[in-house]
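Colleague: My questions all concern the structure below.
Every number here is computed from the coordinates shown, using simple stated rules; none is lab data. Because the structure is predicted, anything quoted here is derived from the model rather than measured. We place every Cβ from the backbone using ideal geometry, glycine too, and count neighbours over all the protein chains shown.
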Amino acid sequence: MDNSNRRRSFLHNRSLRAGLLALILLSLFAAIAPALSNDPYQVDLSVTLEPPSSSHLLGTDALGRDVAARIAYGARVSLGVALMTALLSLLIGAPLGVAAGYRGGWIDAIVSRCIESVACIPTLLLAISLLAVSPASLRQLPDVLRVAIVLAFGGWIPVARYLRGEFMRLRSSALVESARASGAGEWRIVVHHLLPAAMAPIWVTAAFAAAAAIMVEAVLSFLGLGVQPPQPTWGGLLSEAREQINSGWWLALTPGLALFLSVWGFNQLGEGLRQWQDPRSTRR
């Protein structure tokens with residue numbers, strides 16, 4: 001597919017456009033959080049459990065705090081965890097997958113055993129275990145970074161697994177043989193020839209990893225193991241809403257919708273990128 005056709009397919013990809021629109025709206029909502037007139041931490045017992053109104057667009061909680069402001073600040077947490085988890089997963093998984101697939105031998109054996117060992121543990125269970133036994137140096141980090149590091153311990157697996165398979169396939173291809181014949185060194189072959197050919201689908205994996213990170217972070221915050229109060233999080237807001245579900249329906253609805261929109265946006269982005277990289281999948 002030439003560049004003009006690729007640009008055309010990019011602009012006409014509905015999943016990609018829908019995912020980008022949802023994530024842009026959430027990012028703008030998070031960016032204007034400081035400009036909101038209401039303080040997400042301010043307690044006002046005179047307006048407790050007030051339904052959505054002109055003064056409080058999404059209502060207030062049991063302590064009179066503005067729900068819209070708290071959801072906006074929670075978006076910063078969720079999007080921050082998602083992006084940092086995706087980035088850390090790439091930084092960990094890409095070198096390991098490249099080394100295992102290109103070098104093979106004992107390096108491939110060690111990386112493969114690590115992949116199998118981590119992949120057999122459910123992501124949520126792995127995150128809870130790491131948070132429970134994390135060293136003091138990890139507990140001293142900011143909560144968002146700490147949760148992202150923990151989630152990246154499982155998020156690097158798909159990246160490393162894919163790159164390992166791709167480099168094992170490409171290392172004996174005509175692309176590598178022609179590069180060696182032209183005098184290119186091993187580093188140049190990996191960085192300038194193989195990695196660009198194999199990295200495009202990795203962005204799809206990163207988008208799906210970001211969606212999974214948002215869900216796991218919400219569950220951890222719901223259980224009280226993720227980002228700690230008083231920092232608002234969507235999972236924490238859902239946990240607080242359990243006690244007021246009969247008298248304050250908006251307390252669970254609004255963070256639930258925000259959580260759904262963010263996960264749906266990243267999934268649509270990943271699906272759109274996959275269709276853009278492989279247009280035949282759309283026809284199938």
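Colleague: Considering Cα pairs under 8 angstrom that are at least six residues apart, work out the relative contact order of the range 62-283 and quote it in whole percent.
Modeller: Reported as a whole number, the value is 29 percent.
Colleague: Expected output is a single nm value to one decimal: the length gained when fully extending between Trp264 and Gln277, i.e. 0.36 nm times separation in residues minus the C-alpha distance. What is it?
Modeller: Answer, rounded to one decimal: 2.7 nm.
Colleague: Within the chain, which complete DSSP H helices have Cα atoms spanning at least 18 Å along the helix axis and a mean Kyte-Doolittle hydropathy of -1.0 or higher?
Modeller: 14-31, 67-103, 105-119, 143-170, 195-223, 249-277
Colleague: If I stretch the segment between Ile32 and Leu223 completely, what's the gain in nm (0.36 nm per residue apart, minus their alpha carbon distance), one decimal?
Modeller: Result for the pair: 66.0 nm of gain on full extension.
Colleague: Right, here's the next one. At what distance in nm do the modelled label points of Val191 and Ser53 sit from each other, each positioned 7 Å from its Cα along Cα→Cβ?
Modeller: In this crude spin-label approximation the distance works out to 6.2 nm.
Colleague: Pick out which of Ala136, Ala213, Ala148 has the largest mean-square fluctuation in a Gaussian network model of the chain, springs linking Cα atoms closer than 10 Å.
Modeller: Highest fluctuation among the options: Ala136.
Colleague: Bin all alpha-carbon pair distances of the range 62-283 at 5 Å intervals from 0 and give each bin's fraction as a whole percent.
Modeller: 1, 7, 13, 15, 15, 14, 12, 9, 6, 4, 3, 1, 1, 0, 0
Colleague: Can you check what the net charge comes to around Gln268, using other residues whose Cβ is under 12 Å from the Cβ of Gln268 (Lys, Arg +1; Asp, Glu -1)?
Modeller: +2
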